[in-house]
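Each remark here refers to the structure printed beneath this line.
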Amino acid sequence: MSVDPRQGRAERIAALHAAAKTQVLVLDGSWGVMIQRRGLEEADFRGERFADHAMPLKGDNDLLCLTRPDIVANLHDLYFEAGADIAETNTFNATAISQADYGLESAVRDLNLAAARLARTSAEAWSQRTPEKPRFVAGSIGPLNRTLSMSSDVNDPGARQVSFDAVYEAYREQARALHEGGVDLFLVETVFDTLNAKAAIKAILDLQDEGFEPLPLWISGTITDRSGRTLSGQTVAAFWHSIRHARPFAVGFNCALGAELMRPHVAELARIADTLVAAYPNAGLPNAFGQYDETPEETAGQLREWAASGLVNILGGCCGTTPEHIAAIAEAARGASPRVPPEMTPALRLSGLEAFELA
């Protein structure tokens with residue numbers, strides 16, 4: 001008789017909130033770099049189920065949850081062994097819109113269910129092994145290869161390849177399967193288009209109308225360059241004002257930048273966000289070959305200062321980070337006091353590309 005992966009979730013959520021009050025939590029690291037190291041071939045992605053699929057599947061890392069679950073489970077174990085408190089599901093591109101590139105829209109529900117259960121199984125095993133350090137699962141909801149805020153045609157500012165309703169439905173299908181698979185919280189990550197993120201947020205919050213238990217929500221944007229703006233043009237404050245209504249458990253930034261360039265944007269968010277702040281930068285910037293050269297010691301050295309300065313509540317790694325990076329980050333965060341969110345005075349806070357505040 002199988003165990004319902006949702007069993008005990010209320011207790012896990014309570015434990016997550018309790019842990020966040022006493023320590024800087026640690027998220028896992030990159031999945032892409034670790035999967036690339038395995039040297040997988042087309043057959044690994046196809047497995048038996050998709051052996052006769054009409055389109056190439058190599059590179060669809062999310063699909064490994066169905067065709068090579070052993071690899072996914074092993075990566076979860078490696079990151080938990082390194083000291084991660086929170087694991088992401090291997091579902092960064094597991095929506096119908098993103099999986100359409102591989103002709104696998106019909107497999108989306110199974111992908112997300114399998115990913116959540118693999119992460120849940122590993123988290124439970126490690127929680128039993130180290131009861132003083134419970135482990136949690138974040139359902140990863142990544143950006144799409146379609147954007148709602150920006151035109152797909154330079155000659156037509158109003159052109160869009162997708163509608164809000166279509167994005168909402170894609171995220172709803174993913175969020176529902178992750179919820180049923182047993183995740184403890186949702187992580188809407190690498191947000192470069194806030195309107196896409198709003199569709200994901202609405203899809204998640206609307207699950208409550210269907211009788212689903214509300215789960216903590218973590219929203220992580222990405223600042224794409226030194227300008228301090230997201231790709232769709234928002235400043236740090238404008239991004240926060242745009243999503244604050246969702247009352248997220250945590251907000252932060254990931255990807256695009258290494259720790260050195262990300263720090264001022266994390267500091268700005270820490271100043272204005274009346275919730276937990278999370279950050280998981282890349283291992284520096286990519287070199288000419290697209291590789292990341294920053295060592296675990298270099299990454300952790302910078303993040304140690306963030307923790308010591310009281311900027312963050314959650315730390316982790318994005319592109320180029322490995323279990324070795326996460327081990328170093330976990331050690332750097334050990335003993336640091338988590339940031340205390342500020343109490344913001346009531347004010348009218350609006351946003352477009354920039355923030356507006358009227359006290």
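Throughout, read-outs are computed from the coordinates displayed, never taken from laboratory work. Just so you know, these numbers come straight off a predicted model, no measurement behind them. No Cβ is skipped: glycine too gets one built from the backbone with ideal geometry, and neighbour counts run over all protein chains shown.
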In what sequence, highest mean first, do 199-206, 149-156 appear when ranked by Cβ atoms within 10 angstrom? 199-206, 149-156
Rounded to the nearest 20 debye, what is the charge dipole size of region 26-358 about its Cα centre when +1 sits on each Lys and Arg Cβ and -1 on each Asp and Glu Cβ? 520
Could you tell me the center-to-center distance, by alpha carbons, between region 286-332 and region 155-225 in angstrom? 27
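If you filter region 53-118 for trypsin sites (Lys or Arg not before Pro), then keep DSSP loop positions with at most 14 other Cβ within 10 Å, what is left?
The qualifying sites are Lys58.
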So who's got an amide H within less than 5 Å of the one on Leu276, skipping anything under 5 residues away but keeping other chains? H placed 1.01 Å off N, in plane. Val251
For Cα pairs less than 8 Å apart in space and 6+ apart in sequence, what is the mean separation divided by the residue count of the chain, i.e. the relative contact order in percent? 19
Using θ = phi - 60° and the Karplus relation 6.51 cos²θ - 1.76 cosθ + 1.60, list the HN-Hα couplings for region 212-224 in order, rounded to whole Hz, with x at every Gly or Pro. 7, 4, x, 10, x, 10, 10, 10, 10, x, 9, 8, 7
Amide H proximity to Phe356 below 5 Å, modelled H, separation 5+ or other chain, gives Leu350, Ser351
Could you run the Karplus curve 6.51 cos²θ - 1.76 cosθ + 1.60 with θ = phi - 60° over region 73-89 and give me ³J(HN,Hα) per residue in whole Hz, x for Gly and Pro? 4, 5, 5, 4, 4, 5, 6, 5, 4, 6, x, 5, 8, 10, 10, 8, 6
D (µm²/s, integer) via Stokes-Einstein for region 204-359, Kirkwood Rh across alpha-carbon pairs, 37 °C, 0.692 mPa s: value 200
Per-residue ellipticity at 222 nm for the chain, helices alone: DSSP H runs ≥ 4 residues times -39500 (n - 2.57), over residue total, nearest 500 deg cm²/dmol? -12500 deg cm²/dmol
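Rank by packing, highest mean first: peptides 40-50, 297-307, 85-95, with packing defined as the count of other Cβ atoms within 10 Å averaged across residues. All intermediate terms of the calculation are to be shown ahead of the outcome.
Details: 40-50: 14.7, 297-307: 20.2, 85-95: 26.8.
With the highest mean Cβ count within 10 Å placed first, the list reads 85-95, 297-307, 40-50.
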